[in-house]
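The values are calculated or read from the model by the stated rules, or taken from the named source; none is laboratory data. Just so it is clear, the structure is predicted and the values come from calculations on it, not from any experiment. A quick note on method: Cβ atoms are made from the backbone with ideal geometry, for glycine too, and the neighbour counts reach across all protein chains shown. Just so you know, the surface numbers come from the protein's heavy atoms only, side chains and all, with ligands and any DNA or RNA stripped out. Shrake-Rupley method; radii C 1.70, N 1.55, O 1.52, S 1.80 Å.
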Amino acid sequence: MQDKITLSHGSGGQMMQNIINDIFFDIYGNSILKSGSDAANLNIDSKKIAMSTDSFVINPYFFAGADIGHLAVCGTVNDVATSGAIPKFLSLSFILEEGLPIEDLKQICRSIAKCAKEAGVEIVTGDTKVVNKGACDGLFINTCGVGIFEDPNIDFSPKNCKAQDSVIISGSLADHGISIMSTREGLHFETKINSDAAPLNGLIKSVCDACDVQKIRAFRDPTRGGLASTLNEFANVCKCDIEIEEELVPVKEQVRGVCEMLGLDVFQVANEGKMVCVCDPSIANDVVSAMRQNEYGKDACIIGRLCEANNISSPKVYVKTAFGTKRIMDMLVGEQLPRIC
C-alpha cells in the first residue's frame with residue numbers, strides 16, 4: 001500500500017483492488033459488501049432488490065458517440081442488470097464547476113433523459129452542488145440505481161462459475177477506451193471510433209427469457225480494467241483457471257491498430273457497452289443466439305472456457321494465441337487510460 005492515492009488506484013486494476021480489499025473491506029467488512037458484486041442484493045420485507053452506486057468523472061465530458069450523461073445512465077443500469085434484477089429507478093447528483101456553460105448542462109441532461117427512457121428507468125431523486133472554478137472538470141455525476149428481482153431465486157455471481165463453463169462476450173472490445181483517448185488527445189483516423197456505451201438490461205433480459213436461468217452463472221460488464229480485470233476477478237472468486245481463444249475475441253481492426261500503435265493491451269482497455277456471460281456449456285449457443293437478437297449483441301460469440309486451476313490459491317487467466325502459444329492475461333496494474341468513466 002502506498003502512502004498517497006495515485007490515479008492508478010482508480011484504474012480498475014490490481015492497485016484499485018488493493019485499496020478496496022485493504023481499506024474499504026477491512027473497515028466496513030460486511031458480507032454483502034464483500035461479495036464484490038457490481039450491485040448489492042438486498043432482502044427488504046420479503047422483497048429482493050438490487051442496489052448499485054457509481055460516480056462519473058470523465059474528461060472530456062463530450063466524446064465520440066456519447067457524453068458523461070449517457071454514460072452515467074448506462075453504467076448504473078448495467079451494474080444493476082448484471083445481478084439479474086430489472087432496473088427501475090435512478091438517483092442523479094451533479095457536482096458543477098463554476099463557469100460551466102448552461103447549454104452543456106442542458107445537453108447532458110437531455111442525453112440522460114433519452115438514455116433513461118431507452119433503459120426503462122426513472123430519475124426519482126438527486127442533488128446539486130457547485131464548486132469553485134478549477135475544482136472539477138466541468139461537472140461530475142454520482143448515481144444510485146435500484147432494481148427489482150422478478151424471480152427471487154436468481155443469483156448471478158462469479159462464485160457460481162465452475163470448470164467447463166463457457167465464456168461469452170456480447171461484442172467487440174475496447175471501443176469506449178479508444179474513443180476517449182482519441183477525443184482527449186486529438187487523434188484522427190480514417191473512420192471515427194465511437195464509444196460503445198449502451199444500456200444492456202434489455203440484452204440480459206433477452207438471454208434470461210430464452211435460456212434456463214439456472215444454468216447462467218454470472219454477467220459482468222468489463223468496464224475499467226477491461227476484459228482482463230473482469231476475468232481475473234472471476235477466476236479469483238471461483239478458483240478456476242480461464243482460457244480465452246485470442247482469435248475468437250471480436251476487436252475492430254481500427255481499434256486493434258490503435259492499441260498496437262500506442263502499446264496498449266486490448267484486453268485491458270475499458271468497455272461501457274459490452275457484457276460478459278459465463279454459463280453452462282449446454283446453453284452457450286442459446287445465449288449467443290439470444291444476444292444476437294438484440295441490437296447490442298449482434299457480434300456475440302463464445303471466446304473461451306473455465307477449467308480446473310493448476311494452483312487453486314492463485315488461479316490464472318490464459319490467452320491462447322494464433323501461433324498456438326499460451327500467455328497469461330494479467331489484470332491491469334497501473335493506470336492505462338485515465339478518467340474513462
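Computed quantities for the displayed model
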read-out	value
Tally of residues being surrounded by 15 or more Cβ atoms within 10 Å (Cβ to Cβ) and farther than 10 Å from Ile95 by Cβ across the range 128-137	1
Residue among Glu272, Glu260 that is crowded, with 20+ Cβ neighbours inside 10 Å and closer than 29 Å to Leu7 by Cβ	Glu272
Subset tally (residues that are under 21 Å from the mean Cα position of the chain (by Cα) and either acidic (Asp, Glu) or not in a helix (DSSP H, G or I) (or both)) for the range 83-121	14
Count of residues meeting criterion [more than 21 Å from the chain's Cα centre (by Cα), in a strand (DSSP E or B) and within 18 Å of Val57 (Cβ to Cβ)] in the range 122-162	7
Selection count where residues are surrounded by fewer than 23 Cβ atoms within 10 Å (Cβ to Cβ) and more than 16 Å from Val288 (Cα to Cα), scope the range 206-223	1
Of all residues in the range 20-34 being under 21 Å from Arg220 (Cα atoms) and open to solvent by less than 60 Å² (accessible area, probe 1.4 Å), the one that is farthest from the chain's Cα centre (by Cα)	Phe25
In the range 38-77, residue surrounded by the fewest Cβ atoms within 10 Å (Cβ to Cβ) [restricted to those that are part of a loop (DSSP other than H, G, I, E, B) and of a type in the set (Gly, Ala, Ser)]	Ser46
Residues that are under 17 Å from the mean Cα position of the chain (by Cα) and part of a loop (DSSP other than H, G, I, E, B), drawn from the range 189-210	Asn194, Ser195, Asp196, Ala197, Ala198, Pro199, Leu200
The lone exception for Gln14 - which of (1) in contact with an Asp or Glu (Cβ under 8 Å, 6 or more places away or on another chain); (2) under 27 Å from Ile178 (Cβ atoms); (3) surrounded by 14 or more Cβ atoms within 10 Å (Cβ to Cβ); (4) not aliphatic (A, V, I, L, M) it fails	(1)
Residue count for the range 2-19, restricted to those that are closer than 25 Å to Met329 by Cβ, of a type in the set (A, V, I, L, M, F, W, C) and more than 17 Å from the chain's Cα centre (by Cα)	3
Count of the range 168-190 residues which are of a type in the set (S, T, N, Q) and farther than 18 Å from Asn59 by Cβ	2
Odd one out for Cys115, checked against (1) farther than 15 Å from Ser55 by Cβ; (2) of a type outside the set (Ser, Thr, Tyr); (3) open to solvent by less than 40 Å² (accessible area, probe 1.4 Å); (4) touching a strand residue (DSSP E or B) at 6+ places or on another chain (Cβ under 6 Å)	(4)
Residue list for the range 224-237, restricted to those being farther than 26 Å from His70 by Cβ and open to solvent by less than 10 Å² (accessible area, probe 1.4 Å)	Leu231, Phe234, Ala235
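Residues are listed down the side, and each one gets a yes or a no for (1) closer than 24 Å to Ser195 by Cβ; (2) under 20 Å from the mean Cα position of the chain (by Cα):
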| position | (1), (2) |
| --- | --- |
| Cys238 | no, yes |
| Gly263 | yes, no |
| Asn271 | yes, yes |
| Cys277 | yes, yes |
| Asp280 | no, no |
| Tyr296 | yes, yes |
| Asn310 | no, no |
| Thr321 | no, no |
| Gly324 | no, no |
